[in-house]
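These notes concern the structure reproduced below.
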Amino acid sequence: MSPIALLAFALVAAIGYLIGSVSSGYLVGKIYRNVDLREVGSGSTGATNTFRTLGRGAGILVATLDILKGVLAVIFAQLLVDSPGGRSIAEALAAMFAVIGHCWPITLRGRGGRGVATGFGALLFVATPAWASAVAAFAIALALTRMVSVGSLASVIGALAGYLLFSAIGWLHFNWATLAFIVIAGTVVYVRHVPNIQRIIRGVEPRLRA
């Protein structure tokens, strides 16, 4: 691999991280009600804590902005690296680091969200059929449990299973870089959900109201 290619990949990763580090929840909380989401509710700057703390409208706005972060990171990678062999690697790096930036943003001393919405946005452009299976898994788990955290965790399984299945039947071209993004970003999502998993086990995880 040439030094120029390595430099391009490093730039893609860095820009992806910086895009992910722009905290939609923190900005909306401060502008909307001068609230620091890190200090209320679950302490997350993601859409779920925004929804519970600031209401439906603010939660939808933050979810939309977080999804767009993943989309923008991948689009930037596509524009910067257009070679057939390098493009998938660049997309995966941008997507992965956007999720990492969202979860551990440099702008908020590492206190961010859970990474699900940003991962959804990136996956939509990296592997659309797998994105569809992730969304389906999220919706089914949420409907059955009324727990956003369970839906989020299920979406990771849906993305991985969908990617492997659709690659096996030829709907997707299998790529190790894309698989690595799904596995690593999914692991990050699970790590960020450890407190939620502990509450689920204890039976005290909040549910959405009917």
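The values are calculated or read from the model by the stated rules, or taken from the named source; none is laboratory data. Not measured: the values here are computed from a predicted model. A quick note on method: Cβ atoms are made from the backbone with ideal geometry, for glycine too, and the neighbour counts reach across all protein chains shown. Just so you know, the surface numbers come from the protein's heavy atoms only, side chains and all, with ligands and any DNA or RNA stripped out. Shrake-Rupley method; radii C 1.70, N 1.55, O 1.52, S 1.80 Å.
Results, tabulated for the structure shown:
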read-out: Selection from the stretch 1-21 of residues that are surrounded by fewer than 19 Cβ atoms within 10 Å (Cβ to Cβ) and within 16 Å of the chain's Cα centre (by Cα); value: 18
read-out: Qualifying positions in the stretch 56-92 - of a type in the set (Lys, Arg) and open to solvent by 60 Å² or more (accessible area, probe 1.4 Å); value: 56, 87
read-out: Any pair with Cβ under 6 angstrom, 6 or more apart, that starts in the stretch 59-76 at a residue that is free of Cβ contacts under 8 Å to residues at least 24 places away in the same chain and ends at one that is open to solvent by less than 60 Å² (accessible area, probe 1.4 Å); value: 59/47; 59/50
read-out: Meets criteria (open to solvent by 50 Å² or more (accessible area, probe 1.4 Å), free of Cβ contacts under 8 Å to residues at least 12 places away in the same chain and out of contact with any helix residue (DSSP H, G or I) (no Cβ under 6 Å at 6 or more places or on another chain)) for residue 144; value: yes
read-out: Identity of the residue in the stretch 93-129, small (Gly, Ala, Ser), assigned to a helix (DSSP H, G or I) and open to solvent by 10 Å² or more (accessible area, probe 1.4 Å), that ends up nearest to residue 156 (Cα to Cα); value: 119
read-out: Failed item in (1) at pLDDT below 90; (2) in contact with a Phe, Trp or Tyr (Cβ under 7 Å, 6 or more places away or on another chain), with residue 20 passing the rest; value: (1)
read-out: Test for residue 38: is it part of a helix (DSSP H, G or I), of a type in the set (Lys, Arg) and buried (at least 19 other Cβ atoms within 10 Å of the Cβ); value: yes
